[in-house]
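Below is one structure, written out as structure tokens, with a few remarks after it.
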Amino acid sequence: MSAGPTAMTVLVLGGTAEARALAAELAGRTGLRVISSLAGRVASPALPAGEVRTGGFGGVAGLAGWARAEGVDAVVDATHPFAETISANAVEACAQAGLPLLRIARPGWDAQEGDDWRDARSVAAAAAMLPALGARVFLTTGRQDLAAFAALDRLWFLIRCVDPPAGPMPARREVLLARGPYHREAERALMRRHGIDVLVTKNSGGCLTAGKLDAARDLGIPVVMVSRPDAPPAPSVPAVGDAVRWVLGRLPGTGRRAPAHNAGA
Ligand code: NAP
């Protein structure tokens with residue numbers, strides 16, 4: 001909770017390192033109430049500082065109604081670049097509720113010299129490319145996307161995810177339960193140990209999980225890179241510090257509004 005009476009309530013849509021960093025910067029500031037929202041996908045999530053609520057809101061109307069009921073004054077969408085639905089819902093709900101919205105748009109990864117990247121427009125497209133690229137796959141797209149690879153019964157998969165996966169998935173596999181950050185040397189050793197010859201990843205961006213890309217470059221392994229969905233039209237900033245300034249600039253009495261770039265708007 002904030003120290004003293006609440007002058008402003010901010011909802012942070014979370015589930016990312018950026019969302020936790022933002023909550024850590026804002027929680028406990030005088031006059032500011034910060035509520036972080038998690039989807040509830042992960043059994044033991046890393047919890048942000050300050051108040052936390054968990055679970056879906058029930059679509060656009062649910063989010064708008066919840067924000068009104070809690071007296072939310074501003075929303076920061078700090079969700080993952082592939083969390084399309086909640087980001088689109090945030091745009092609609094904030095428009096309905098008349099609330100300012102800022103998105104933290106984490107920059108994507110770009111290929112460097114020495115990389116062998118194959119772009120895939122979707123997880124299904126990535127699966128279709130694999131038989132031509134290798135036989136032992138390091139699959140890091142998360143447990144929600146495993147069904148797309150379930151029919152590839154000639155390939156072997158090292159599947160890395162945070163919680164145990166369920167539902168359709170490749171038959172020939174080893175599941176590695178782990179949570180980042182992951183570092184280049186350890187990623188290289190892991191790929192060598194399992195004889196990996198192709199890596200599949202979403203273009204999530206950020207430094208916490210980029211070690212696998214360095215390792216793949218070191219080992220000359222091709223990377224199937226699933227491209228991002230289009231970002232919904234919302235004012236956005238690239239970094240947590242920009243979002244901190246945007247929020248603090250809205251605190252009553254500061255008399256200023258921090259600018260946001262209109263990326264994708
Ligand atoms: P999604 O497909 O965009 O959202 C599906 C539904 O889950 C939403 O409609 C919403 O339900 C609920 N939801 C999602 N994020 C929420 C949040 N922060 N707070 C409350 N409800 C939320 O989302 P997703 O891709 O499954 O991702 C779920 C969460 O995991 C997000 O918070 C995201 O930041 C995090 N995450 C996702 C990925 C990824 O690759 N997609 C990777 C790392 C972390 P209602 O419609 O009922 O409100």
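Observations on the model:
- The chain: most fluctuating residue of M169, M129, M191 per GNM, C-alpha cutoff 10 Å: M129
- For region 117-226, alpha-carbon Rg relative to the globular expectation (2.2 N^0.38 Å, N residues): 0.95
- Computed from Cα atoms, the angle from the helix 59-69 axis to the main principal axis of the chain rounds to 30 degrees.
- Helix 84-97 axis, angle to the chain major axis (alpha carbon atoms, nearest 10°): 10 degrees
- Size-normalised alpha-carbon gyration radius of the chain, reference 2.2 N^0.38 Å: 1.09
- Using Cβ point charges alone (K and R +1, D and E -1), the dipole size of region 117-226 about the Cα centre works out to roughly 80 debye.
- Between helix 184-193 and the chain: long-axis angle, C-alpha atoms, 0 to 90°, nearest 10: 30 degrees
- For region 194-234 versus region 146-186, the gap between their alpha-carbon centres in whole angstrom: 14 Å
- Restricting the trypsin sites (Lys or Arg not before Pro) of region 119-164 to loop positions (DSSP other than H, G, I, E, B) with no more than 15 neighbouring Cβ atoms within 10 Å leaves R121, R154.
- Mean projected area in nm² (Cα convex hull; one quarter of hull surface) for region 1-108: 6.4 nm²
- Whether region 104-169 is rounded, prolate or oblate, judged on the alpha carbon gyration tensor where a/c under 1.5 counts as rounded: oblate
- Qualifying GluC sites (Glu not before Pro) in region 1-82, where qualification requires a DSSP coil assignment and no more than 15 other C-beta atoms within 10 Å, comprise E70.
- Positive dipole terminus of region 53-146, leading residue within A61, I86, P100 (C-beta point charges): A61
- The magnitude of the dipole of the chain, with charges of +1 and -1 set on the Cβ of Lys/Arg and Asp/Glu and taken from the Cα centre, is near 340 debye.
- Solvent-accessible heavy-atom area per residue, rounded to whole Å², over the chain at 1.4 Å: 47 Å²
- Carbon and sulfur %, accessible surface of region 76-128 computed with the full protein complex present, 1.4 Å: 47 percent
The values are calculated or read from the model by the stated rules, or taken from the named source; none is laboratory data. Nothing here was measured: the structure is a model prediction, and the numbers come from that model. Counting neighbours? That spans all protein chains shown, and the Cβs are built from the backbone with ideal geometry, glycine included. SASA here: full protein model, heavy atoms, side chains in, ligands and nucleic acids out. Shrake-Rupley method; radii C 1.70, N 1.55, O 1.52, S 1.80 Å.
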